[in-house]
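Take a look at the structure set out below.
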Amino acid sequence: MRPIVIALAAASCLALGAPVFAQPNQVQHANGTAFVSGGVGDDSMAALTAIENQFDLKLFLVGQSGAYLSDIQITILDAQGKGVLLTTTEGPVLLTNLPTGTYTVIGQKNGDRIEQSLAVTRGKLRTVYFRFPGE
C-alpha cells in the first residue's frame with residue numbers, strides 16, 4: 001500500500017510540473033515551495049549556511065561514514081499525502097520553506113530509501129540528518 005501512496009504523491013508533484021533540479025545555491029520554486037540545494041565545496045557550504053535561517057527545514061544528506069552525498073531524490077509529502085516537493089539534490093544540503101505542519105520526507109539513492117515523518121514550524125529552522133547505509 002505504501003508504494004502506491006508514494007507513487008500517487010510523486011504523480012501529484014509531476015502533475016503540477018516536472019521535477020525541479022536545483023542549481024547550486026540558487027533558490028528555486030516548485031509548486032509554490034521555495035528551496036535551494038548545494039553544499040559541494042567550502043564556498044557553496046558557506047553560502048548555504050549564510051542563508052539557512054531564511055528557511056524552515058534543512059536536510060543534511062550523508063553516508064554511513066559521514067561522507068557528504070548529492071544526487072539524492074527527495075520527495076516531501078504533506079499530512080494528506082499530497083506531494084509538496086520532488087527534486088534531486090545538487091549537494092549534501094537541501095533548504096526549503098514549508099507551511100507549519102507535519103510532513104513525510106523520503107530520500108532515495110542507489111536503491112536505499114529513508115523515510116521520516118517530521119513537524120515543521122514556519123520561521124523556525126529544523127535540521128534533519130538523513131544517513132544512507134551503504135554509502
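Points worth noting:
- Tensor-based shape of segment 39-88 (alpha-carbon gyration tensor, a/c under 1.5 rounded, otherwise prolate or oblate): oblate
- Taking a straight Cα-Cα cut-off under 14 Å and skipping sequence neighbours fewer than 8 places away in the same chain, the aspartates and glutamates within cross-link reach of Lys124 are Glu52, Asp56.
- Candidate aspartates and glutamates for bridging to Lys109, where Cα separation is under 16 Å - those fewer than 8 sequence places away on the same chain excluded: Asp71, Glu90, Glu135
- Accessible area per residue for segment 75-127, computed on protein heavy atoms with a 1.4 Å probe, is 43 Å².
- Spin-label zone in segment 121-135 - amide nitrogen under 16 Å from a point set 7 Å from the Cα of Gln54 along the C-beta vector: 123-125
- Prolate/oblate/rounded call for segment 26-135, Cα gyration tensor, a/c under 1.5 rounded: oblate
- The calculated FRET efficiency for the pair Ser65 and Ala34, based on their C-beta separation and a Förster distance of 30 Å, comes to about 0.45.
The values are calculated or read from the model by the stated rules, or taken from the named source; none is laboratory data. Values in this document were obtained by computation on a predicted structure and should not be read as measured data. Virtual Cβ from ideal backbone geometry, glycine too; neighbours counted across all protein chains shown. What goes into the accessible areas is simple: the full protein's heavy atoms, side chains included, and nothing from ligands, DNA or RNA. Shrake-Rupley method; radii C 1.70, N 1.55, O 1.52, S 1.80 Å.
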